Amino acid sequence: MPKLPSRFQRFRSGSPLSFRLLAWILLFSSAFTLIASAIQIYSDYSKELSQIDSRMQQVESGYASSLARSLWALDQKLLQTQMEGILSLPDIVHLRLGIEPDSELVMGKIRRGADTKSHQFDVIHEGNDELKLGDLTVTANLDRVYQDLKIKIGIIMATQFLKTFFVSILIIIIFQHFVTRHLTTMANYAKDLSLKNLGTPLTLDRSDTPSHRSDEIGRVTEAINQMRKRLNDDMIRQEKDAAEIHKFSKAIEQSPSSVVMCDRQWRVEFVNQKFTQLTGFNPKSIIGRHPGALSDNHIENRDNRHLWQSIRLQVQRVGVWQGEVNSVRRNGERFWEQLIVTPIKDAAGHATGYIILGEDISIRKRYEQQLLRQANYDILTGLPNRMLALDRLKLALAQARRENSMVGVMFLDLDNFKHINDTLGHDAGDTLLIEAARRISSCLRGTSTVARLGGDEFLVILPGLAGPESSSQVAERILTNFIPAYALNGQEVFVTTSIGIAIFPTDSDNSGTLLQHADAAMYQAKHQGKSSYAHFTPEMTEVSHERLQMESRMRRALELQEFELYFQPILDTATGELRAAEALLRWNNPSMGMVMPDRFIPLAEETGLIIPIGEWVLEQACRAAWEWKDTTGQDIGISVNVSPRQFRDPGFTDAVMNALSNNNLAPERLELEITERLLLDNSIETAEILKDLDRTGIRLSVDDFGTGYSALSYLKSYPFDTLKIDKSFVQDVMKEPEDASLVRAIINMAHSLGLTIIAEGVEEEAQTYFLKQEGCDFAQGYFYSHPLPAGEFSEWLNTNHRTPT
């Protein structure tokens, strides 16, 4: 018992909850004990009173008849004895016997102030008639009952208090072990919980069982740990968010685009470093200012006010504004800037500010202007290109419709430009085009347009013409302006142009058709002898259509196997032995019949079809030479003409080597005929190609020597094996002394350079004697054989030739 106060003190100081719980347990236990004890005491008291009442009833039932008999017999001694017997009963302390009529007998004594209980009954003599003899009053003293009750109350109260107290202590101890100590641990954990130790979970000093995990303490522990985990996750998330915010802040600060942040009233709150670099404005000097009023120039700010007002309205209406702005730097320099303006919105979707992203696009704008010019103007000549020219033509036609006037469309093509370009090189060709553009432009008035459509083709638009004769006057001025020579690579070159003219609305009211008609008229001018002009007539449409139809058919000719090779023999003038054959291309079209090369080769070169056609010729020619060897057992060379366009194709050398490889033909059996105009290019590219071919063993020949810009230096510079004298010199050697002298000089010059000579166009026997006498090595022409298709040439081989042994 002496330890209880200290235990109470420990509970009170160490666990206020336990003390309060103990107090409440004691309070309610005491109240319950009092009530229970009171009920029990009352029950015992009632029971004692019932026993006294029962005892008095027993006195009445047991002594009433005996007392009546004693009283009837007037036996006082017996009566006294009976009453003493009654007094000897527990708790009976007083008897009063009233005897009829007025006497009484009293026995016993009642203590003053004592609490008593009395019971009275009549004493009746039972005989024939019942006779009341008197009455007996029995009085019981309740002191014993009260004394027992006091003792019982003390015992009950003491035992109940002790039981309640010890049970409460036991409950508190159990509660302390199972609850409060864990609550203390939880409280200490919560008190010490911080962002630094969120990784440490709450653990209690009890076993981890399913029942423990499911009770209240376990659920609270789990809830605290979940809260800790959520806090830890939130902290990690916040750290990540902070890192992201820091990263985004750095990204914005170091962004290659300028960034300006404004508040809801469009006042600048933040600018990044790029903005400062881009504009030159100090961040502190513009904080709080409107982004359209950063300059100290009031006129500049006033001009910007309208722009930013429209930007603000669009951002509010659409949610974003994007566009190009001609901004100004702090030093007054203007620059082009690409701006994107978007609102910064809160969770409710309301704008809390605005962000402006800017990028200096000055360089891009310059490139765009350059691209725009390149898209609309020819880079070489500076003239409008096809696209811009067509646009201007449509505008001129629309204006002519309104004013009821005429528009002249002139299509110009330089005569022999391809020859000059192939001969003198591309640089000379470019110089010629620039000068031609200048000469054409100088003949036109300000409202007219001259454009380069591509290659050597030009377009002139003459708006507001009074009549067709006005266009003729312009064409004559252009032709006159082309008369002076052009200085190209130190040489004087004379170049003319052919002009086709179509008039709106006389010839057509459609721009596309006008161009077609002008093109057709230009081809008519070329057929007239070049350096002339021609007006469109309806008959020209058929010629233009025929040209387009030929191009279309030629594109399918290879696929339909319409091309075929003819062969003309090349013989030794001294012995008459067959040395080689020249492959000559023919086009046998079902609709057009046999088409000669001079009709379709220029068109093939112009369209680029000469490349696949040339590869086919090489392949078929090498195959034919291999078949001749297989048939005759002799090596017969094959000579193939090469177009300048084909020669400059990047895949030309590979095509030649593939043709030799595919047909197992020795390179020295193939001779490539190069036109003299190609040599005048004198470019490194030409020299390299010729040297590559020579290194493989392929023979190289100069075709039609003497018809172009002949120069002996070219013959020394390039590794040629053969010169072919053009037939225009050979056919008159027996009639014109000059031609004979020229042929003789060419033979001697070629032999002195170590070159072999082939004379073309030999048609008479006398010409063969002359060539033999002058030492010409080989000859070909109708005198020996016309060009023959492959089958007939094979027959000719079998019957009309001698091969060297």
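Taking the condition of being farther than 20 Å from SER50 by Cα and open to solvent by 70 Å² or more (accessible area, probe 1.4 Å), how many residues in segment 74-92 meet it?
Of the residues in segment 74-92, 7 are farther than 20 Å from SER50 by Cα and open to solvent by 70 Å² or more (accessible area, probe 1.4 Å).
For ALA790, are the conditions met, namely being surrounded by 15 or more Cβ atoms within 10 Å (Cβ to Cβ), small (Gly, Ala, Ser), in contact (Cβ under 8 Å) with a residue 12 or more places away in the chain and more than 27 Å from LEU585 (Cβ to Cβ)?
When the stated conditions are applied, ALA790 does not pass them.
Identify, please: which residue in segment 193-213 is open to solvent by 70 Å² or more (accessible area, probe 1.4 Å) and outside any loop (DSSP other than H, G, I, E, B) and is, among those, modelled with the highest pLDDT?
PRO210
Being farther than 16 Å from GLN316 by Cβ, open to solvent by less than 30 Å² (accessible area, probe 1.4 Å) and in contact with a helix residue (DSSP H, G or I) (Cβ under 6 Å, 6 or more places away or on another chain) is the filter here; which residues of segment 333-348 pass it?
PHE335
For segment 36-60, what are the residues that are open to solvent by 50 Å² or more (accessible area, probe 1.4 Å) and in contact with a strand residue (DSSP E or B) (Cβ under 9 Å, 6 or more places away or on another chain)?
ASP53, GLN57, GLU60
Conditions (1) within 47 Å of the chain's Cα centre (by Cα); (2) at pLDDT 95 or above, marked per residue:
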site	(1), (2)
THR631	no, no
ILE638	no, yes
PHE647	yes, no
PHE652	yes, no
VAL656	yes, yes
GLU671	no, yes
THR675	no, no
LEU679	no, no
ASN682	no, no
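Scan segment 386-411 residue by residue and report those that are crowded, with 16+ Cβ neighbours inside 10 Å, in contact with a helix residue (DSSP H, G or I) (Cβ under 7 Å, 6 or more places away or on another chain) and under 13 Å from LEU453 (Cβ atoms).
Answer for segment 386-411, where residues must be crowded, with 16+ Cβ neighbours inside 10 Å, in contact with a helix residue (DSSP H, G or I) (Cβ under 7 Å, 6 or more places away or on another chain) and under 13 Å from LEU453 (Cβ atoms): LEU388, LEU390, LEU393, VAL409, MET410, PHE411.
Residues to consider are GLU126, GLU100; find the one that is open to solvent by 60 Å² or more (accessible area, probe 1.4 Å) and in contact (Cβ under 8 Å) with a residue 60 or more places away in the chain.
When all the criteria are applied, what remains is GLU126.
Has segment 616-623 got any residue that is at pLDDT 90 or above, under 24 Å from GLU688 (Cα atoms) and among the charged types (D, E, K, R)?
yes
If you take just the helices (runs of 4 or more DSSP H) that sit entirely in segment 712-805, which of them hold at least 3 residues that are more than 19 Å from ILE570 (Cα to Cα) and out of contact with any His (no Cβ under 6 Å at 6 or more places or on another chain)?
Counting at least 3 such residues, we get 712-717, 737-752.
Could you list, in sequence order, all residues of segment 575-600 that are among the hydrophobic types (A, V, I, L, M, F, W, C) and either surrounded by 21 or more Cβ atoms within 10 Å (Cβ to Cβ) or over 26 Å from PRO667 (Cβ atoms) (or both)?
Once the filter is applied, which keeps residues that are among the hydrophobic types (A, V, I, L, M, F, W, C) and either surrounded by 21 or more Cβ atoms within 10 Å (Cβ to Cβ) or over 26 Å from PRO667 (Cβ atoms) (or both), segment 575-600 yields LEU578, ALA580, ALA581, ALA583, LEU585, TRP587, MET592, MET594, VAL595, MET596, PHE600.
Looking only at segment 439-456, count how many residues are assigned to a strand (DSSP E or B), among the aliphatic types (A, V, I, L, M) and either open to solvent by 20 Å² or more (accessible area, probe 1.4 Å) or touching a Gly at 6+ places or on another chain (Cβ under 8 Å) (or both).
Total meeting the criteria: 1.
Among the residues that make up segment 544-558, is at least one of them of a type in the set (Asp, Glu) and either open to solvent by 60 Å² or more (accessible area, probe 1.4 Å) or not in a loop (DSSP other than H, G, I, E, B) (or both)?
Yes, the conditions are met somewhere in segment 544-558.
Could you check ASP509 against (1) surrounded by 14 or more Cβ atoms within 10 Å (Cβ to Cβ); (2) touching a residue at least 24 places away in the same chain (Cβ under 8 Å); (3) within 52 Å of the chain's Cα centre (by Cα) and say which number it fails?
(1)
Every residue in segment 751-805 that is out of contact with any Lys or Arg (no Cβ under 9 Å at 6 or more places or on another chain), closer than 24 Å to ASP721 by Cβ and among the charged types (D, E, K, R), please.
If the condition is that a residue be out of contact with any Lys or Arg (no Cβ under 9 Å at 6 or more places or on another chain), closer than 24 Å to ASP721 by Cβ and among the charged types (D, E, K, R), then LYS772, ARG802 are the ones that fit.
Name the residue, out of LEU162, LEU95, that is within 28 Å of LYS47 (Cα to Cα), surrounded by 18 or more Cβ atoms within 10 Å (Cβ to Cβ) and of a type in the set (A, V, I, L, M, F, W, C).
LEU95
Anything in segment 755-798 that is farther than 27 Å from MET594 by Cα and either among the hydroxyl-bearing types (Ser, Thr, Tyr) or within 60 Å of the chain's Cα centre (by Cα) (or both)? List them, or say none.
THR756, THR768, TYR769
Against the condition in a helix (DSSP H, G or I), out of contact with any Lys or Arg (no Cβ under 8 Å at 6 or more places or on another chain) and not acidic (Asp, Glu), how does THR221 come out, does it pass?
When the stated conditions are applied, THR221 passes them.
The values are calculated or read from the model by the stated rules, or taken from the named source; none is laboratory data. Everything numeric in this text was worked out from a predicted model, so none of it was measured. Reconstructed Cβ throughout: ideal geometry from the backbone, glycine too, with neighbour counts over all protein chains shown. Remember, those area values only see protein heavy atoms, side chains included, never the ligands or the DNA or RNA. Shrake-Rupley method; radii C 1.70, N 1.55, O 1.52, S 1.80 Å.
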